[in-house]
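Chemist: Starting off with a structure, shown below.
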Amino acid sequence: MAEGATSSWWHRLTSIAKIVFWVVLTVVVVQQVYGSSKPDATRTAMLDRFQQERKSRVIAMIHRQDTVTLFGVPVSSSISIEDSEAVLRAIRLTPEDQPIDVILHTPGGLVLAAEQIAKALVQRKAKVTAFVPHYAMSGGSLIALAADEIVMDPNAVLGPVDPQIGDWPAGSIVKLPELKKPALISDEMLILVDVAAKARIQVGVFVAEVLAKRLPSEKAAALATVLTEGRWTHDFPITVELAHQLGLPVSTNMPRTVYDLMDLYPQGGKGGPSVLYVPLRPVMPNRREVPKSLSAAPGSRKEAHRND
């Protein structure tokens, strides 16, 4: 009897576990399908408003750590082939005489995808403007270089576009034979040295072609060398001031709508936010500046003071 009771209890526990699993799975699916529809609709409306203001095609490439609704698991994103497909599709659907505005917030990503987007933007006849509200590094910087004008927040940054071979910068790999004799370097590393040298040349030539849209060929080649040779670390911040020194067409006239759009892409993460602040309250008028209609009625003035 005891063994039969244990078996029955175990069977009920297994059934309950199955039911809980399917309920949780259903909740996750429903939240992922329907939970993101409202933010997406708000973002679309914001983009449409910006397009109306600018009379342009607005393309936003914003890479955040998106949070899965139920478990709060952060998922990082970067420039991918899927991104280049979507951007190229948007460009094809845009009339040749219509300006294009690209909003960039990205750590970079696949070189091939970034180059495809940059090439398509360079070939545009109408003006292309890149908006960088916070940062556009690596491949994001490459896309920004293809624009006729780069609009940055005064504290936003771009980054070098030197190629990376795996986790290592190509500019450092090619220096290996200067530090060690070839006989002391493994075959694998010698192959990487060759690949890194080719990657630097290929990316440098491409960047020079992109910059040649608005710079003389010699200046374009010189700037391309600076940005791709590896003189800085890959996360080196190119500020607005440095961008001006390099000869990039940068302004800081960032439209308010771009900041509003970024607010619709909150940074995901575990637990509570790491940065908190209390928004400033609107300044109330001085009590002595109360309209005459209120100052003539003591009761009304007292009520206004109580509402403050």
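The values are calculated or read from the model by the stated rules, or taken from the named source; none is laboratory data. Since we're looking at a predicted model, the values are computed, not measured. When we count neighbours, we look across all protein chains shown, and the Cβ atoms used for this are built from the backbone with ideal geometry, even at glycine. Keep in mind that these areas ignore ligands, DNA and RNA; they rest on the heavy atoms of the full protein, side chains included. Shrake-Rupley method; radii C 1.70, N 1.55, O 1.52, S 1.80 Å.
Chemist: Ranked highest first by the average count of other Cβ atoms within 10 Å around their residues, in what order do 173-179, 158-164, 111-117 fall?
Modeler: Sorting 173-179, 158-164, 111-117 by mean packing, highest first, produces 158-164, 111-117, 173-179.
Chemist: Shifting gears a bit: Two decimals is fine: what is log10 I(q)/I(0) at q = 0.22, 0.27 Å⁻¹ for the range 115-164, from a Debye sum with one equal scatterer on every Cα and no solvent?
Modeler: Taking Cα atoms of the range 115-164 as identical point scatterers yields -0.75, -1.01.
Chemist: Moving to a separate point now. Between residue 151 and residues 5 or more places away or on another chain, which pairs have amide H atoms under 5 Å apart, with H built 1.01 Å from N, and which residues are they?
Modeler: Those lying under 5 Å, H to H, from residue 151 are 130, 131, 132, 251.
Chemist: Starting from the Cα of residue 86, step 7 Å along the direction of its Cβ; do the same at residue 167; then give the gap between the two resulting points in nm.
Modeler: Going from the residue 86 label point to the residue 167 one covers 2.9 nm.
Chemist: How fast does the range 69-153 diffuse by Stokes-Einstein, in µm²/s, taking the Kirkwood radius from C-alpha pairs at 10 °C and 1.306 mPa s?
Modeler: It comes out at roughly 119 µm²/s.
Chemist: If each of residue 21 and residue 178 carries a label point 7 Å out from its Cα toward its Cβ, how far apart are those two points in nm?
Modeler: 5.9
Chemist: Here is a follow-up. Quick check on packing: order 100-109, 192-201, 134-143 by the mean number of other C-beta atoms within 10 Å, highest mean leading.
Modeler: In decreasing order of mean packing, 100-109, 192-201, 134-143 become 134-143, 100-109, 192-201.
Chemist: Taking a 1.4 Å probe, which of 184, 242, 121 shows the most accessible area, and what order do the others take after it?
Modeler: Result of the area sort, largest leading: 184, 242, 121.
Chemist: Under the rule of at least 5 residues apart or a separate chain, name every residue whose amide H is placed under 5 Å from the amide H of residue 101.
Modeler: 57, 58, 59, 129
Chemist: Let me ask you something else. Per residue, what volume in Å³ does the convex hull of the Cα atoms of the range 156-216 enclose?
Modeler: Enclosed volume per residue, from the Cα hull, is 110 Å³.
Chemist: Ordered by residue, what ³J(HN,Hα) values in Hz, to whole numbers, does the range 212-228 give under the Karplus form 6.51 cos²θ - 1.76 cosθ + 1.60, where θ = phi - 60° and Gly and Pro are x?
Modeler: 5, 5, 9, 10, x, 4, 5, 5, 4, 5, 5, 5, 4, 5, 4, 7, 10
Chemist: Oh, and also: Send over a whole-number figure in Å² for the accessible area per residue of the range 138-263, probe 1.4 Å.
Modeler: Each residue of the range 138-263 exposes 51 Å² on average to a 1.4 Å probe.
Chemist: Here's a follow-up. Roll a 1.4 angstrom probe over the protein heavy atoms and tell me the percent of accessible area of the range 89-145 that is carbon or sulfur.
Modeler: Carbon with sulfur: 57 percent of the solvent-accessible area.
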